[in-house]
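Below is one structure; the comments refer to it alone.
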Amino acid sequence: MKRLVAVLVLSLTVPLLAQGRQRATGRGPAPTPPPVVQTQFGDPLPNLNAERLAQFNEGRDEFREPEDVNEGLGPVFNGRSCGECHGVPALGGGSQRLVTRIGAIVNGAYDPLTRLGGSLLQERAIGPNEGSPHRFRPEIVPRDATVVARRRSTPLFGLGLVDATPDSTFIALAAQQAARNDGTAGRVALVDNILAGMRTVGKFGWKAQVPTLQQFSGDAYLNEMGITSPDFPNENCPMGNCAELQFNPRPGLNDGGEDVDALANFMRLLAAPPRGAINADVTAGEAVFNRIGCNACHVQSLQTGTNANPSLNRVTYQPYSDFLLHDMGNLGDFIEQGSATGRELRTAPLWGLRVLQSFLHDGRARTIEEAISAHDGQGRASRERFTALDATDRNRLLAFLRSL
């Protein structure tokens, strides 16, 4: 494993050194950087060509458009469109909407309750008012569930940059954190990648349970709206009762993959959140952020790999996250998902923090201070340092966070 990590780190470093040598020796003209474009929430990546901008617009239309029974909605679902849960402060953002996850601990082992419909509850259902002759019932928390968790809909801004970041980057980050030996090391989530036919690094979802935006799109289309597609061809059985599917008004494949592709394109091409104003307090606050150890997990900058899209090619971005799993102690939601344990959560990116209306995975925190104070497990030491700050440093730290 140490040799694998060394090779991966070297694979990241050598191209950068080669670029540096090329600049130093003057071989070839220096590339002309694209003009700086200030994007707003919900804008596409800057400098897209006409073809990619058309893909973004087409995907945005599909993201916003409500689905109906004729298009495969249901029979159980959580929303009629992606934008219903991802629209604040602009299309592609987050919302106050919460979904429910369930499970059970049986003889010390986690049970996702697949026989009762699985971990995610679909809290709405089609019926006569939706054009279905059969009245399906929304799913409810079954008696067997001993673990019930709520999860907040998160913003999708900038996730194309994360999608375009090589797995080796996250593997190297985990190795660097382990080498610090300070009790805050995260770990890579290795999860099933349907298209690759193997396990790759999970980057998306509260548990880093999804490896790519393509898979994220198909997964959400099925599990949030009940729309099947080539990678997710099987309908959810309401409360595990598959006999009810005989009444499904749109059996079979609902989408041939075109809509899933459009949704994935929209997310890939969605610009990162714009940064707020930076002043002396913000700059001083970031120094406090680093001093109390928040940057151990909320890593400032990452870089995408080589990409055919110039707007995603070798781009340095600032998500303030390592996208790794960390043991968060009692802050965990105790749902096991992907390769994550019940206590583990993926480090939440902090970019766009200033427009959120609630915080943490379940939205329980109404202020940034409450969110920090709830940190546990590997985040406990930073929480305690935050608590010990004097008023000046605390205000500076909050000024920094409110600028993200």
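Bear in mind that the values in this text are calculations on the coordinates, not laboratory data. Everything numeric here is computed off the predicted structure, so don't read it as measured data. Glycine also receives a Cβ, built like all others from the backbone with ideal geometry; neighbour counts cover every protein chain displayed.
Coordinate range of the alpha-carbon atoms in segment 275-359 per principal axis, descending: 39, 38, 26 Å.
The C-alpha radius of gyration of the chain, expressed as a fraction of 2.2 N^0.38 Å, stands at 1.02. What is the log10 of I(q)/I(0) for segment 330-375, computed with the Debye formula using one identical point scatterer on each Cα and no solvent, at q = 0.21, 0.24, 0.26 Å⁻¹? The computed values of log10 I(q)/I(0) come out as -0.75, -0.91, -1.01.
Counting other Cβ atoms within 10 Å as a rough exposure proxy, the listed residues T200, T347 run T200, T347 from fewest neighbours to most.
Using every pair of alpha-carbon atoms in segment 260-404, split the distances into 10 Å bins beginning at 0 and state the percent of pairs per bin, rounded to integers. Going from the shortest bin to the longest, the percentages are 11, 36, 35, 16, 2, 0. Our coupling estimate for segment 239-246, obtained by passing each phi through the Karplus curve with A = 6.51, B = -1.76, C = 1.60 and θ = phi - 60°, is 6, x, 8, 6, 4, 5, 5, 5 Hz, Gly and Pro reported as x.
Averaging the sequence gap over all C-alpha pairs within less than 8 Å and six or more residues apart, then dividing by the number of residues, gives the chain a relative contact order of 19 percent.
In degrees from 0 to 90, rounded to the nearest 10, what is the angle of the helix 50-64 Cα long axis to the longest principal axis of the chain? Here the helix axis deviates by roughly 50 degrees. Exposed loop trypsin sites (Lys or Arg not before Pro) only (DSSP loop, at most 10 other Cβ atoms within 10 Å): please give the longest stretch of the chain free of them, not including the sites. Of all site-free stretches, the longest is 144-404.
Taking a Cβ cut-off of under 15 Å around G117, the surrounding Lys, Arg, Asp and Glu residues balance to a net charge of -2, with basic ones at +1 and acidic ones at -1. Going from the fewest other Cβ atoms within 10 Å to the most, the residues M267, M239 appear in the order M239, M267. Restricting the calculation to Cα atoms, segment 90-242 yields a radius of gyration followed by a Dmax of 18.0, 61 Å. Using 0.36 nm per residue and subtracting the Cα-Cα separation, the extra length available between T146 and E370 on full extension is 78.0 nm. Against the longest alpha carbon principal axis of the chain, how many degrees, from 0 to 90 and to the nearest 10, is the axis of helix 391-401 turned? Long axis of 391-401 versus the principal axis of the chain: about 60 degrees. Between T283 and N395, the simple label model (points 7 Å from Cα in the Cβ direction) yields a spacing of 1.9 nm. Model label points for A54 and N241, set 7 angstrom from Cα along the Cα-to-Cβ axis, are 4.8 nm apart. Note on segment 111-183 and segment 286-355: Cα centroid distance 17 Å, given to the nearest whole angstrom. Angle of helix 213-225 to the longest C-alpha principal axis of the chain, folded into 0 to 90 degrees and rounded to 10: 30°.
Springs join every pair of Cα atoms under 10 Å in this Gaussian network model of the chain, and among D163, D390, D111 the largest mean-square fluctuation is at D390.
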